[in-house]
Every structure is written in C-alpha cells, then in structure tokens.
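Enquirer: My structure is below; once you've seen it, I'll send some questions.
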Ligand code: HGA
C-alpha cells in the first residue's frame, strides 16, 4: 500500500524524502508527491505531484531545497490515479499525506462544504486537510487541531502534516495504518516502514494506535489520543540496509525466489542442533497455550491463506486435532461459532494486513484468547496483538508477489504442527527426528529445485501466449496449485484457476481444449495414481499437460505431455518444494510477456487498507 515519509532536519531533507519513497516503492503505488516548507524568503509551502514513478517526481524536485517536508506514494482507494488525487492534499497553508481509508469522509465532506470549503480531489484524504484547517481556524493550536481532527476520523489512517505557519514542526498520527518514527541527532523522521528510515537512522520508535507524534529538529514528543504525553520505547533496528538492494538479479521477485534456501535456513536456524522440537519456538508461554489448544483456526489472506491451507493437512495429520482455515475478510464479518480451546493462528508477511488484523481482533472479541502470529516483521501490529509469535526470517520481501515469505511461513507452520503434535503426545521420537532432518535439509533441497530454472524458462515461452491456464493438485498440494495459479495471475495477467484434480470432471473439464494448458503438481504420494487418471482425462480431450512430478513418476514425456521431475521426493514437506517451480514458471511467463514483475498493475504489497 502507499507509503509516507516525513522529515525535519538541519540540512536539506528533499533527498531523504525521495530516497524514502524509493525504499517504499515495493509496496506498490500509482502516483507520488511531496510538500515542503521552504524558508529562504519566509516560510512558503511548495507541492510537487506526479502520476507514475518516484523517478519522475525526483526529476521535478531537482533543485528543491527545504528542511521540513512530507512525501507520499499513493495506491488509490478513493478516486482514480491522477495528479489531482495524488497526495499531499492542501487546505490553505497546510498539507497532509495519508495512508488508509476514512470511512466517514462523505459526512465530513458534506459538512466542510457547508462551511465553505471547496474540494478539488475525489479522495477521502482531502477531508482530513480541510477538517484540520477548520480546527485551526477556530483557534486551536497545531497539535490541538490535529488531535481534534483525528478524533473525528472513522477508519484507518497514518498521516503526516506540515503547515506554513509552523516551519519548525511536523506532526504524524496513526490508527490502523503503520507508522514508525526515526530519531537521529541531525533531525527526526517518520515513515510507513523502517526500510525508508535506514538511510538516516537505525533508532526507531513504533507508534501505537491513536498516537500523535510531534517532530521538531531536535525532539520527538508523543501524545496518546486523550492528549496525555507518553513514552514509546526506542529500539535499534536490525534490518539490513542492503537487504533491499537488487544485486545481480533483474527483479526482486527473482532475487527472492533464489533467496529461499537462505531464508529457510535463517528461519530454521533457531532449531540449532536440537534433537527434539521445543514448543518454546513460539514464545515463552507456548507450552501452556498449546496444551490448552483443542483445535486450530487459521486466518489469513492471499498467499498466506494458501500457507494456512497446507497447514490444515499437517496439523490434522501430525497433531490429530481439527483445523479450519478462513479468509480474513470473510471471517471478520461472518457470524461464526467461537469454540473454547481454539488457537487462532494469523499469518501475514507484513503483519499489517488490515483484514487479518481486524479478523484477529474479531476472534478475540468472541472470547478466543489463544492466539499466535506468524509474521515476517517482528514489530508489526499483528505480532503485537498476539499472545504467541513466530517470526519468519525471510528478510524484506519487495516483490509484490510473495515467494520467500510463503515458503518460510510453511516452515513455521510445519514446526507448529509438530509442536502441537508433541504437546498432545502424538509425535513419536522417530517421526520427530525424521521431521527435523527434513526441515534442516530444506535449504539444500530447494537449491536443487532452483536448478530446474532453465527448463522451466523454456516451458514459459509457449505458455506466455496463452489466455488461460488450469492448475491441478491433490491433497496438501491442492493449495500449492492455488498458489501457482495466483502467482501466474498476479504477475503475468494470464487468467488461471486451480482445482483439486478430483473435481475436474465435476465441471472444469468442460474448459479443456488445446488452448488450455494444464499444470499438474504430481508428487509421489498416496494420491498419485488417482492424479494420473485425472491427467489422462485431460490428455483425452486434447489438453496440453505440464507436470511437475517427483522421482519415480514413470510415465514418459510425449506429444502434449511435458514432465519435469523434482530432484527429491519430500514426503510431508513436499509442498514447500513443489511451489518453487510454479513461482519460476510465473516469473518467466511474466518476463516473456514483459509485465512489471515486481509491481504488477493494480496490486500493492502490504495491504494496509480493507
Ligand atoms: N484513501 C487514500 C489513501 C490511499 C492509501 O492509503 N493507499 O494505500 C486515497 O485514495 O488517496
């Protein structure tokens, strides 16, 4: 989702704003803008906006200099992507950037129009700017006006505000959308995430919901919603600055696919040389929470939801307790039966996914108090809201289409299934040892799968010209088929659907003809023979088959039947391996099509709005 950068310093902050926006580009955006207070001939507000890339904004800002400013990349929710709707939005001499959605903006807009304000954009954000101005006009001071303004907002927001009348202050506030303050001896800063701040500081302070932070050149003051001053802890970020550099790769997605051996190795490093699995991997209280757990409810969106669906097979098979998986945006609005003893597991790469966070809060409001977050960002909202946590060590994921976050989530979920199995006495010492060995071997196994890239790139050539594709899988590989279809849709814009292969003859077989490539995930498991029959059904109708098989899949390649064999059969953890060729297939199909791989149209990275 869109990104915010705020800076106040002794020196020129325009390069800091622009570099911050570049670091936030991975979140996805359609337009960019900035506003600064220039002080050369008395304070004056200056705004630049452009539709398209940050590079275009930077070109416009060439000789701009200022010591106070706000900047924004926008992912439109209210009003088309256009210069008119790009942030910052201005009311008289003040400017506002905003991430989130103001749900009562129509009421506010009507009221403010009644007070004489003219709206020049279609955004919800502009209402914030005029509302703030109306409070200032009534005689409130800057901080008081921001407090009065945010108290009237319904919805999610992170905002940054500057005013020509306040050349020594920037104010930021958040509720629902992320915002982190960066503190340095040379000035103070804020941004949607830490990656944008590392250029100036590692000392960061995470704002809580309802917080307002007043930034001057040498001080940061935080107020709670009720106006009381509050201290928020300052921590030193461990994020590696070059973790977000592209290095030798053409795209972040490619880099992140190839980082998976490292990401899994780092995520599983906490196992150390242990011969047994310790539930403590999920937090100091995990033994108690998992003992109280009688069933699991996994809540997530998109790719994380697919990880949850794989985990359902693992948890029921390994731990012998029931597991259901829900899409967060559905669960949060559904009347559901909250059964005591349910462990709520929320999965989100960023830990800021608005629907998942709201679904977690909803589950808690129903009395489900056992909760676990599986997340890639330690200080995120979802982690803070959960009782237990497992932090994947994928490192920053920049490509909008998730890859390494998914496989590390799967590793975390496999550990969860094993930990519950252990606490419930369902895991034999032999099974525990085998599972640990397989987990430790995953980085090597994935590195070998990555060697299939040239052959997959070859497949992608013919594939990229197709309009549609069908993905098939069975059992715990059905979610992998879903993930393969999602990847293809996301970055190559080829319409793709996934089915459990047994469902084929109940409908989708009608779609199969020579123009419909069918991709099958075919591991050597108990369902292989059944899957082979499903593949025959496709061949008999002239469909072209692309099969990712395991060693031992004895059907030979023939006209219309392409087979790639995975280097190893991987048993229960096979989904972690089988997703990798599907990631590569969609990446190479997108390359052939020439799409914007890392920033696919209409999509954003951290979905911090509903
Ligand atoms: N609602 C605002 C901000 C959008 C946003 O946060 N995107 O991530 C708008 O549409 O401009």
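Read the figures in this text as sums done on the coordinates, not as results from a lab. From a predicted model like this one, the values you see are computed outputs, not experimental measurements. Heads up, the Cβs are rebuilt from the backbone with ideal geometry, glycines too, and the neighbour counts pull from every protein chain shown.
Enquirer: Helix 404-423: angle to the longest alpha-carbon principal axis of the chain, degrees 0 to 90, nearest 10?
Expert: For helix 404-423, the angle is close to 70 degrees.
Enquirer: Taking Cα atoms, how many degrees apart are the long axis of helix 478-492 and the longest axis of the chain, rounded to 10 and kept between 0 and 90?
Expert: With rounding to tens, the tilt is 50 degrees.
Enquirer: Suppose only helical runs count, i.e. DSSP H with n ≥ 4. What mean residue ellipticity at 222 nm does that imply for the chain under -39500 (n - 2.57) per run, divided by all residues and rounded to the nearest 500 deg cm²/dmol?
Expert: On the way: 18 runs with 209 residues, N = 610.
Only helices count here, giving -10500 deg cm²/dmol.
Enquirer: Fewest to most neighbouring Cβ within 10 Å: what's the order for 449, 296? Please list the in-between numbers first.
Expert: Working: 449 25, 296 28.
Placing the least packed residue first, the sequence is 449, 296.
Enquirer: To continue, here is another question. If you average the alpha carbon positions of the range 1-74 and of the range 261-296, how far apart do those two centres end up, in angstrom?
Expert: One Cα centre to the other: 43 Å.
Enquirer: So, one more: Relative contact order for the range 371-512: what percent, with Cα pairs under 8 Å and sequence separation of 6 or more? Intermediate values should be presented prior to the final figure.
Expert: Values: 121 pairs, mean separation 19.8, N = 142.
Here the relative contact order equals 14 percent.
Enquirer: What percent antiparallel are the DSSP beta bridges of the chain, to the nearest 5?
Expert: Counting DSSP beta bridges with both partners in the chain, the antiparallel share is about 60 percent.
Enquirer: Gap in Å between the Cα centre of the range 496-560 and the Cα centre of the range 87-125?
Expert: Spelled out, the Cα-based centre of one part sits 53 Å from the other.
Enquirer: Considering Cα pairs under 8 angstrom that are at least six residues apart, work out the relative contact order of the range 248-384 and quote it in whole percent.
Expert: Details: 188 pairs, mean separation 29.6, N = 137.
Reported relative contact order: 22 percent.
Enquirer: Rank the residues 511, 18 as a footprinting-exposure proxy: fewest other Cβ atoms within 10 Å of their Cβ go first.
Expert: On the way: 511 15, 18 21.
In order of increasing Cβ crowding within 10 Å: 511, 18.
Enquirer: Using only the alpha-carbon atoms, how far is helix 302-314 inclined from the longest principal axis of the chain? Give it as 0 to 90 degrees, nearest 10.
Expert: 40
Enquirer: With an 8 Å cut-off on Cα pairs and a minimum separation of 6 or more residues, tell me the relative contact order of the chain in percent. Before the final figure, lay out the partial values.
Expert: Values: 1381 pairs, mean separation 74.5, N = 610.
Over the chain, the number comes to 12 percent.
Enquirer: Let me ask something additional. Could you sort the peptides 125-132, 100-107, 32-39 by per-residue average Cβ neighbour count (10 Å cutoff), highest mean leading?
Expert: Working: 125-132: 27.9, 100-107: 18.2, 32-39: 25.4.
Result, highest mean Cβ count within 10 Å first: 125-132, 32-39, 100-107.
Enquirer: Please provide three numbers in whole Å: the alpha-carbon extents of the range 355-468 along the principal axes, with the largest listed first.
Expert: Reported extents, whole Å, longest axis first: 52, 40, 27.
Enquirer: What is the distance in Å between the Cα centres of the range 346-392 and the range 440-456?
Expert: 31
Enquirer: Which of 5, 97 has the fewest other C-beta atoms within 10 Å, and how do the rest follow up to the most? Display every interim value, and only then the final one.
Expert: Working: 5 29, 97 32.
Going from sparsest to densest Cβ surroundings: 5, 97.
Enquirer: If each Cα of the range 219-297 is one equal point scatterer, what is log10 of I(q)/I(0) from the Debye formula at q = 0.14, 0.22, 0.23 Å⁻¹?
Expert: Values returned for q = 0.14, 0.22, 0.23 Å⁻¹ are -0.92, -1.02, -1.06.
Enquirer: In addition: Considering the range 514-610, what Rg and Dmax in Å follow from its alpha-carbon atoms?
Expert: Computed over the Cα atoms of the range 514-610, radius of gyration and Dmax are 16.2, 49 Å.
Enquirer: With no solvent and one equal point scatterer per Cα, compute the Debye intensity ratio I(q)/I(0) for the chain at 0.06, 0.07, 0.08 Å⁻¹ and report its log10, rounded to two decimals.
Expert: Relative scattering, expressed as log10 I(q)/I(0), comes to -0.34, -0.46, -0.59.
Enquirer: Remind me, what semi-axes does the range 1-148 give for its equivalent ellipsoid, largest first in whole Å, using sqrt of 5 times each Cα gyration tensor eigenvalue? Let's see the in-between values first.
Expert: Working: eigenvalues 119, 77, 30 Å².
That gives 24, 20, 12 Å for the three semi-axes.
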